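Asker: Take a look at the following structure, please.
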Amino acid sequence: MNLRRLILIAIPYLWLLLFFLIPFGIVLKISLSETAIAIPPYTPTLDLSAGWQGFTAYLSELDFDNFSFLAEDDLYWKAFLSSLTISVVSTLLTLAVGFPIAYGMANAPEEWRPSLMVLVILPFWTSFLIRVYAWMGILSQGGLLNQFLIWTGLIDTPLTILNTNTAVYIGIVYTYLPFMVLPIYATLEKLDNSLLEAAEDLGCSRIQAFWLVTAPLSRPGVIAGCFLVFIPVLGEFVIPSLLGGSGTLMIGKVLWEEFFTNRDWPVASAVAVVLLLILIIPITLFQRNQQAQREADE
Amino acid sequence: MRRLTWFNVTALTLGFAFLYIPIVILVIYSFNASKLVTVWAGFSTKWYFELMRNEAFLNAAWVTLKVALASSTAATVLGTMAAYVMVRGGRFFGRTLFSGMIYAPLVMPEVITGLSLLLLFIAVGLERGVFTVVLAHTTFSMCFVSIVVSSRLATFDRSIEEAALDLGCTPFDAFRSVTLPIIAPAVISGWLLAFTLSLDDLVIASFTTGPASTTLPIRIFSSIRLGVSPEINALSTILIALVTIGVITASLVSKRAIMRQRAEEQRAAAT
């Protein structure tokens, strides 16, 4: 082990310890503290100058009150449940919209494909906030969608779409679509055409061949796409706060309001800890799926 | 049997219409003369002039640009180091923890990252402002950079590097004159990714910034919370134009690089 290698490892390592791991320790610590009207607004605070005695006194004052508060107040339960529901439903919707696009791209002439890829990636590089904002003008009461629907004669009175869960779903599907399309396209593009030809030679109809060959072979991409949408949507803040209404409960929004509006740091930290615990399951499954796919590729 | 059936054509048409119609509408209405965003009242560029006079937006844009330049550069250096350590570092104490810390921020909800960093800055008594936002952005974008760079590092032929070492290069020289030129495209795309992530970030910046240094996304967010405004449409149009030019240029440049590489390979094969 030479000094140079040690420095090379130490710099990014220490950076991540300091700015990633230690902050989590602090969140955990504050989630076990009590709210107080003080600066900082919680007790106990660790007094390092009191030495070991100060540390034990500090430990004895920590408790799980915030977590039992989360369990008792049904706002938090409902927020977690509705976040989960919104994430599952919007993941399935994104899959329903994204799969045909990926399929169409994989079947397009080879010389089109790079341009189609750029067209899918381009919105991803464009500001997230702007893409959500674009829907505000379309979905509002006097917005373009209502103007259009009234013009076609489908409806007489404008629909309320903005500030409802429907708007949240539209926003999520729209902004997360590239995350779904790209991994599915990657698996469909690699698909061996002779398998489909064989299936059809053996008497499958095109639809049967799709279900028996294409669908199972595209599964790794579908799973990866679903996780890439589900995981970030669970903690989403921007979409529910801009497109959702007062009835849209999502945990990211609750955490934000707990912190910025109510200034209740311990409860906000407890919400963060619970959200993290919920996320561990899909994140582990996702890592396992990626690992399996890497091994299959080798 | 790759063929473009009516189904595929419909899927592609509808899909891309869905992706692009909202953006096109946004751009069209930035040239609307009316203050009402949803009612067309003739062509006008006045909102662009209004925007140019809006000090608050200009200041926020300047802060955002400073933060993005500083954090993406720092993230590229740290992320490249981290990638090198992960791919070439061999075994060392706490390697699993290290790679965990590289991957975790990629899937971490922004509200949690933002909250935890803010609590850190308060705990150590660091005054919040441009500097703390730079630290926060560097931390999460260095992970994206290191993923991009490590996938390039993992696929290139290590024996070239070993040859340089055998021929008497120091490890640092070998890195500078052999490894770095080969991974340069990945490093550049990592930098671009870090830069856009920083430009785009609302949540982490809201947590970690101070009152004096508002970034552009924070300014946009607080203004659109009150509803749509033609000035924001104009601002969005400018940002969309910049991104589009950037992405198209980048894809043309990389396409040309690939073509040149292919031509060279063919020439080498012919001789």
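Asker: Just checking, does segment A:171-179 include any residue being on the phi < 0 side of the Ramachandran plot and either surrounded by fewer than 18 Cβ atoms within 10 Å (Cβ to Cβ) or small (Gly, Ala, Ser) (or both)?
Answerer: Yes, segment A:171-179 contains at least one residue that is on the phi < 0 side of the Ramachandran plot and either surrounded by fewer than 18 Cβ atoms within 10 Å (Cβ to Cβ) or small (Gly, Ala, Ser) (or both).
Asker: Same structure again: Report, by residue number, each residue of segment B:111-134 that is among the aromatic types (Phe, Trp, Tyr) and either over 16 Å from A:Leu16 (Cα atoms) or within 8 Å of another protein chain (Cβ to nearest Cβ) (or both). First the steps, then the outcome.
Answerer: Of all residues in segment B:111-134, those among the aromatic types (Phe, Trp, Tyr) come to B:121, B:131.
Once the filter is applied, which keeps residues that are among the aromatic types (Phe, Trp, Tyr) and either over 16 Å from A:Leu16 (Cα atoms) or within 8 Å of another protein chain (Cβ to nearest Cβ) (or both), segment B:111-134 yields only B:Phe131.
Asker: Tell me which helices (runs of 4 or more DSSP H) are completely within segment B:123-185 and hold 2 or more residues being of a type in the set (S, T, N, Q) and surrounded by fewer than 20 Cβ atoms within 10 Å (Cβ to Cβ), or say none if there are none.
Answerer: Values: elements: B:130-155, B:158-166, B:171-174.
The qualifying helices (runs of 4 or more DSSP H) are B:130-155.
Asker: How many of the residues in segment B:7-32 are surrounded by 13 or more Cβ atoms within 10 Å (Cβ to Cβ) and under 27 Å from B:Leu235 (Cα atoms)?
Answerer: Initial filter on segment B:7-32 (surrounded by 13 or more Cβ atoms within 10 Å (Cβ to Cβ)): B:7-9, B:11-12, B:14-16, B:18-23, B:25-32.
From what is left, the residues that are under 27 Å from B:Leu235 (Cα atoms) are B:15-16, B:18-23, B:25-32.
Qualifying residue count, segment B:7-32: 16.
Asker: If you don't mind, there's one more thing I want to ask. So, in segment B:68-105, exactly how many residues are hydroxyl-bearing (Ser, Thr, Tyr) and open to solvent by 40 Å² or more (accessible area, probe 1.4 Å)?
Answerer: Qualifying residue count for the region: 4.
Asker: Kindly indicate whether B:Met108 is open to solvent by less than 20 Å² (accessible area, probe 1.4 Å) and either among the hydrophobic types (A, V, I, L, M, F, W, C) or away from chain A (no Cβ under 13 Å) (or both).
Answerer: no
Asker: Taking the stated definitions as given, is B:Thr64 farther than 19 Å from B:Val148 by Cα, crowded, with 16+ Cβ neighbours inside 10 Å, polar (S, T, N, Q) and touching a residue at least 40 places away in the same chain (Cβ under 8 Å)?
Answerer: So B:Thr64 passes the test.
Asker: What's the total number of residues in segment A:140-160 that are within 21 Å of B:Ile224 (Cα to Cα) and within 13 Å of chain B (Cβ to nearest Cβ)?
Answerer: Adding up the residues that qualify gives 7.
Asker: All but one of (1) among the β-branched types (Val, Ile, Thr); (2) assigned to a helix (DSSP H, G or I); (3) more than 30 Å from A:Phe210 (Cα to Cα) hold for B:Thr13; state the number of the condition that does not hold.
Answerer: Checking B:Thr13 against (1) among the β-branched types (Val, Ile, Thr); (2) assigned to a helix (DSSP H, G or I); (3) more than 30 Å from A:Phe210 (Cα to Cα), the one that fails is (3).
Asker: Please enumerate the residues belonging to segment B:40-61 that are touching a residue at least 60 places away in the same chain (Cβ under 8 Å) and assigned to a helix (DSSP H, G or I).
Answerer: B:Trp47, B:Tyr48, B:Glu50, B:Leu51, B:Ala56, B:Phe57, B:Asn59, B:Ala60, B:Ala61
Asker: What's the total number of residues in segment A:110-139 that are over 23 Å from B:Thr249 (Cβ atoms) and more than 7 Å from every other protein chain (Cβ to nearest Cβ)?
Answerer: The total comes to 3.
Asker: Here are A:Ile283, A:Ile278, A:Ile207, A:Ile223: which of them is more than 30 Å from B:Ile224 (Cα to Cα) and open to solvent by 60 Å² or more (accessible area, probe 1.4 Å)? Don't jump to the end; show me each part of the working.
Answerer: Working: A:Ile283 fails: open to solvent by 60 Å² or more (accessible area, probe 1.4 Å); A:Ile278 fails: open to solvent by 60 Å² or more (accessible area, probe 1.4 Å); A:Ile223 fails: open to solvent by 60 Å² or more (accessible area, probe 1.4 Å).
Exactly one residue qualifies, and that residue is A:Ile207.
Asker: Can you tell me which condition B:Ser116 does not meet? The list is (1) more than 23 Å from A:Ile280 (Cα to Cα); (2) open to solvent by less than 40 Å² (accessible area, probe 1.4 Å), and all the others hold.
Answerer: (1)
Asker: Here is a list: B:Ala250, B:Ala269, B:Ala257, B:Ala241. Which entry is more than 9 Å from every other protein chain (Cβ to nearest Cβ) and closer than 30 Å to A:Gly244 by Cα?
Answerer: Working: B:Ala250 fails: closer than 30 Å to A:Gly244 by Cα; B:Ala269 fails: closer than 30 Å to A:Gly244 by Cα; B:Ala257 fails: closer than 30 Å to A:Gly244 by Cα.
None of the other options fit; the residue is B:Ala241.
Asker: Kindly evaluate B:Gly246 against the criterion of being in a loop (DSSP other than H, G, I, E, B), open to solvent by less than 50 Å² (accessible area, probe 1.4 Å) and free of Cβ contacts under 8 Å to residues at least 60 places away in the same chain.
Answerer: no
Asker: I've got another one for you. Filter segment B:204-216 down to the residues that are open to solvent by 10 Å² or more (accessible area, probe 1.4 Å) and under 16 Å from A:Phe128 (Cβ atoms) and list them by number.
Answerer: B:Ser206, B:Leu216
Asker: Only one of these conditions is not met by B:Leu26: (1) more than 25 Å from the chain's Cα centre (by Cα); (2) assigned to a helix (DSSP H, G or I). Which number is it?
Answerer: With (1) more than 25 Å from the chain's Cα centre (by Cα); (2) assigned to a helix (DSSP H, G or I) applied to B:Leu26, the lone miss is (1).
Listed here are the residues, each with its yes/no results for (1) open to solvent by 50 Å² or more (accessible area, probe 1.4 Å); (2) modelled with pLDDT of 75 or more.
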| site | (1), (2) |
| --- | --- |
| A:Ile22 | yes, yes |
| A:Ile30 | no, yes |
| A:Ile37 | yes, no |
| A:Leu46 | yes, no |
| A:Tyr58 | no, no |
| A:Asn66 | no, yes |
| A:Leu75 | yes, yes |
| A:Ser82 | no, yes |
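Asker: Can I ask one more? Out of all the residues in segment B:135-173, which are under 15 Å from the mean Cα position of the chain (by Cα) and within 11 Å of chain A (Cβ to nearest Cβ)?
Answerer: Across segment B:135-173, the qualifying residues are B:Ala136, B:His137, B:Thr138, B:Thr139, B:Phe140, B:Met142, B:Cys143, B:Val145, B:Ser146.
Asker: Report every pair of residues separated by at least 6 positions or lying on different chains whose Cβ atoms are under 9 Å apart, first residue within segment A:1-24 and more than 7 Å from chain B (Cβ to nearest Cβ), second surrounded by 15 or more Cβ atoms within 10 Å (Cβ to Cβ).
Answerer: Matching pairs, first to second residue: A:Asn2/B:Pro171; A:Arg5/B:Val85; A:Arg5/B:Gly89; A:Arg5/B:Pro171; A:Leu17/B:Met101; A:Leu18/B:Leu120; A:Leu18/B:Thr139.
Asker: Name the helices (runs of 4 or more DSSP H) wholly within segment A:98-154 that hold at least 1 residues that are open to solvent by less than 40 Å² (accessible area, probe 1.4 Å) and within 30 Å of A:Glu189 (Cα to Cα)? Talk me through it step by step, then tell me what you get.
Answerer: Details: elements: A:113-125, A:128-139, A:144-152.
Counting at least 1 such residues, we get A:113-125, A:128-139.
The values are calculated or read from the model by the stated rules, or taken from the named source; none is laboratory data. For clarity, every value in this text was computed on a predicted model and none was experimentally measured. Cβ coordinates were reconstructed from backbone atoms using ideal geometry, including for glycine residues, and neighbour counts include every protein chain displayed. Note: areas computed on protein heavy atoms with side chains; ligands, DNA, RNA excluded. Shrake-Rupley method; radii C 1.70, N 1.55, O 1.52, S 1.80 Å.
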